[in-house]
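J.: Handing you a structure now.
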Amino acid sequence: MTQPVPYKTQTRNTTNEGKNGKLLKGMVVGAVVGGALAMLDKTTRTNVTSRTSDMKDSTMGMVAKVKENPSGVVNDWQDRLKTASTVLKDAINDAQSLYEKVNDDVVGQVNQVKEDSSDMIASTKEAAEELKDIGGKVREAGEEVTNGSTQSQPSTSSTSSDEQNIHPTDRSSTIPGQVGS
């Protein structure tokens, strides 16, 4: 035979409730004490009194209007809401028109600038390639000149001993303006 196992059926956590209750009480007491301390200032008391009086008067005036003519108040509020709705629709239409104008004008100009800058970048790349080609041709011409001067010198061993003893700067050059080789 099996024996029943006892278990707790407690549904409340009393330790947390005690803490939460104390927190709530502390917040309420703090608010009351803070309000009471604020009322010690004469300016604060005067402001609170005047604002409370104004709210009471406006509320009583509204209650009186509703008692006198409930349908008039309802109609007045409906008219105000219709007017506000019309103003909001106009504002939305104005905003939509502004959006369309900005979209057409500014976005079109931005796209034009984008296309122009793309064209300028392409032109710059083409000019860079052409400069590389020109640089290669100049280099090739320089190599022709330097290779041509070394090849134009006689390389035969039949040169006289006097020519071999001449200092390189005293030799004549095949390139005008250049001394020696």
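J.: What do you reckon, is GLY26 part of a helix (DSSP H, G or I), at pLDDT below 90 and not β-branched (Val, Ile, Thr)? Let's see the steps before the verdict.
T.: Details: part of a helix (DSSP H, G or I): yes; at pLDDT below 90: no; not β-branched (Val, Ile, Thr): yes.
So GLY26 does not fit the description; no.
J.: Picking from ALA31, ALA36, which residue would you name as being exposed (fewer than 10 other Cβ atoms within 10 Å of the Cβ) and either among the basic types (Lys, Arg) or assigned to a helix (DSSP H, G or I) (or both)?
T.: Working: ALA31 fails: exposed (fewer than 10 other Cβ atoms within 10 Å of the Cβ).
Step by step, each of ALA31, ALA36 is checked, and only ALA36 is exposed (fewer than 10 other Cβ atoms within 10 Å of the Cβ) and either among the basic types (Lys, Arg) or assigned to a helix (DSSP H, G or I) (or both).
The values are calculated or read from the model by the stated rules, or taken from the named source; none is laboratory data. Remember, it's a predicted structure, so these values are computed and weren't measured experimentally. Note that we place each Cβ from the backbone using ideal geometry, even for glycine, and neighbour counts take in every protein chain shown.
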